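Structure first, then comments.
All of the numbers you see were taken from the coordinates with simple rules; none came from a lab. It should be emphasised that the depicted structure is a prediction, and the values quoted were computed from it without experimental measurement. With ideal geometry, Cβ positions are generated from the backbone for all residues, glycine too; neighbour counts draw on all protein chains shown.
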Amino acid sequence: MKITIRFLTMAILTLVCTGGMAAVSPANRTLERSIVTLDVTRKLHDFFLPWSKQVKTVLKSGIVVGPQEILTTADGLENRTLIRLQKGGRGSWWNAEIKWIDYPANLAIVTVADGKFWSGLQPVKLADSMNLSGELQIYRWRSGNLEARKAEFNRFTVGSGEKSDAARVQLELGAEIDQVGFSEPVLMGGKVIGLIYSRTEKVCAALPSPFIRSILDARRRGTYQGLGYFDFTWQPAENPDTLAFLKLPGDPRGVVVIDVPKQSEAQSGLKVRDVILQIDGFDIDIQGDYLDPQYGHLILENLSTRNKWAGDTVRLRISREGREQEISYRMPKAEDAAKFVPEAEFDGEPEYLIVGGLVFQPLSKNYLRRWGQDWKRVAPFRLTYFQYENPSDERPAVVILSQVLPDVYNVGYQDARTLVLERVNGQPVSRLEDLEKALKNSTNDFHVFDFQNGDTLQRVVLDAKELEAANSRVLQRYGIENIHAFSAAKE
């Protein structure tokens, strides 16, 4: 009896400790020749301390997809200084380089120049459909062994990545696995159905293989121009009175356009109060969803990246003043989005300019993301609302006072932070170059900084004659090398 109880106890402990671990089947042993490990060393920038630079190393997975081509996610490859690859989960490391990378799509191709590395490796197949009727498993190298973990399909959703406004479909999985989200492949029936790029609690998000294949195939054909996006803003048409006011005949359907950038309106003819009924032949319902043959019901934004690229034309069926018509909408490039709050440059350093301890920075998405994944709700509202604004000729961008490094020069202002800069010495400021130019012309030997109305502090006045000495003290006291950093294109 004691032996039986001990055996049962050990069996239960084994099940708990494995946490969903699955055995690597003999049929999938060939994956050992298709999955590799990437060791990436990169510079890590802090947008709250833009002069600060750290070195970080991250381990990622990659899969062989073609002759001398390793596919992985683009996350963790920005500002890289060294990439090494290892095959078989152990042994030698081989120097590698990026062959192609697309941050908005979150995909990259890595290669190794030394032909010896490729001996014994073989490509893995990417599934061309999402018929998830079989068992799903997540694979990765761990402690020199190929580990397999069971996964369960939850749903398909649409979201944007960390480095772009481009919407893309994502595969949501449930899995008992830790330290995942670094391009681990998900397989079913010996084919890759996705690459995992994030994990929250027990939910993993992966790029589905049809999305990946569409980009890789277009790249090989030379037709891939980067991801596009819909730059118009719409709202659901759930209120029947709204559709009646817009004179839409028949049953409720479609979504209502509430904002169109001037450039987009000029190119496509799309206007505010248009009702979008179809996109590329797909009917749009009053929630803004369509029925996708691969993924089921998805939000219409996915049609901007469903086998469509920046510069491609999408057919919109609209209702305007009760009359249906078809227009052609040309999609802008996601990474070139002309917005008040742009993405920071890929592989670029944060920009800043220190003025007597006052730290000025351009407002960017990467700066706002320092408040965490929930930055749209947590970050200061006076900054986040700019993401919904469009740039103008008078004000193409925003500069903020991010913080103050205390010094005798700025006593009384040391608690100021996240203020929107309007003018310096009477001159409008939209970029750091504007600020630098304005500082050359003081007002009666003083520098006067005016901030946006509504902030608690609306004006700062500093002694122009003491600025140079204050800058020297601040740099020395806080261990900062340079008083400013602009991108190479602006130097």
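Assorted remarks:
- Relative protection proxy for 375-382, 348-355, 469-476, from highest mean packing down: 348-355, 469-476, 375-382 (other beta-carbon atoms within 10 angstrom).
- Which of F211, G189, L171, positive extreme of dipole for the chain (C-beta unit charges): G189
- Note on E468 and N441: the model spin-label points, each 7 Å out from Cα along the C-beta direction, lie 2.1 nm apart.
- Gain upon complete extension [D46, Q235; 0.36 nm per residue less C-alpha separation]: 64.5 nm
- Gyration tensor verdict on segment 352-490 (Cα atoms; rounded if a/c is under 1.5, prolate if a/b is larger than b/c, oblate otherwise): prolate
- Counting Cα-Cα pairs of segment 233-335 in 10 Å increments starting at 0 gives whole-percent bin shares of 15, 50, 30, 5.
- Given charges at Cβ of Lys, Arg, Asp, Glu: the chain dipole, positive-most of G120, L457, W51: G120
- Between L44 and Q54, V55, K56, the built amide H atoms are under 5 Å apart, and every one of these is 5 or more places off in sequence or on another chain.
- Using R0 = 22 Å, the C-beta based FRET efficiency linking R423 and E345 works out to 0.25.
- Amide hydrogen neighbours beyond the local backbone of W141, cut-off 5 Å, H modeled: E147
- Anisotropy class of the chain from Cα gyration tensor, a/c 1.5 cut: oblate
- Dividing the summed helix terms, -39500 (n - 2.57) for each DSSP H run of n ≥ 4, by the number of residues in the chain produces a 222 nm estimate of -4000 deg cm²/dmol to the nearest 500.
- Within segment 125-158: backbone nitrogen closer than 11 Å to the D178 label point (7 Å, Cα to C-beta): none
- Here the label points at W375 and Q476, each 7 Å from Cα along the C-beta direction, are separated by 3.6 nm in the simple model.
- Computed from the C-beta positions of K99 and D251 and an R0 of 45 Å, the FRET efficiency is 0.35 to the nearest 0.05.
- A simple spin-label model places the labels of L146 and E324 5.3 nm from each other, with each point 7 Å out along Cα-to-Cβ.
- Amide H to amide H, with H built 1.01 Å from N, L358 comes under 5 Å of L405, counting only residues 5 or more places away or on other chains.
- The phi-based Karplus calculation (6.51 cos²θ - 1.76 cosθ + 1.60; θ = phi - 60°) puts the 3J(HN,Hα) values of segment 247-260 at 6, 7, x, x, 5, x, 6, x, 10, 9, 6, 10, 7, 9 Hz, whole numbers, x for Gly and Pro.
- Three-way shape label, segment 22-224, alpha-carbon gyration tensor, a/c 1.5: rounded
- Residues in segment 363-381 reached by a label modelled at N79 [backbone nitrogen below 13 Å; 7 Å Cα→Cβ]: 366-367, 370
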